[in-house]
1. Condition first: closer than 13 Å to D34 by Cβ and surrounded by 12 or more Cβ atoms within 10 Å (Cβ to Cβ). Now tell me which residues in the range 57-70 satisfy that.
2. Just to be sure before I move on: is F16 in a loop (DSSP other than H, G, I, E, B), surrounded by 12 or more Cβ atoms within 10 Å (Cβ to Cβ) and modelled with pLDDT under 90 in the structure I sent?
3. When you look at D49, is it acidic (D, E), modelled with pLDDT of 75 or more and under 13 Å from the mean Cα position of the chain (by Cα), yes or no?
4. Pairs, please: C-beta under 7 Å, at least 6 apart or cross-chain, first residue over 19 Å from F21 (Cβ atoms) and in the range 33-61, second modelled with pLDDT of 95 or more and not in a helix (DSSP H, G or I)?
5. Please determine whether any residue of the range 28-37 is assigned to a loop (DSSP other than H, G, I, E, B) and modelled with pLDDT under 95.
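The values are calculated or read from the model by the stated rules, or taken from the named source; none is laboratory data. None of the values given here were measured: they were computed from a predicted structure. All Cβ positions, even for glycine, are placed from backbone atoms using ideal geometry, and neighbour counts span all protein chains on display.
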Amino acid sequence: MERMLRFRSLNAADGFSSLAFRDALRVDPQVAADYAELKLELARRYPRDREAYIEGKSAFVERILAETRSRPSIQEIGATDGKGHPYLF
């Protein structure tokens, strides 16, 4: 199975969005499960079409980011990683 790793500078324009999405997945197990299910379905549907796979995730990611913008920040609610360590944002 092929894997892809992405590295971004925290100063990148979409760096905060990436971290906010990551934190949303960590905080809400249902969001994480829904995202995993979507990714599996898209991988089955587009096994050799990376662009379609990425496009298929876009609406979900944008919806979650919009929801996170309307909620208190993770810092404000004191969310942790389950081990008592606070998230960065």
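1. K57, F60, V61, I64, E67
2. So F16 does not fit the description; no.
3. Working: acidic (D, E): yes; modelled with pLDDT of 75 or more: yes; under 13 Å from the mean Cα position of the chain (by Cα): no.
So D49 fails the test.
4. Taking only residues 6 or more apart or on different chains, the pairs are A52/Y46.
5. Residues of the range 28-37 that are assigned to a loop (DSSP other than H, G, I, E, B), as a first pass: 28.
Going one step further and asking which of them are modelled with pLDDT under 95, we end up with 28.
The answer is yes; a qualifying residue exists.
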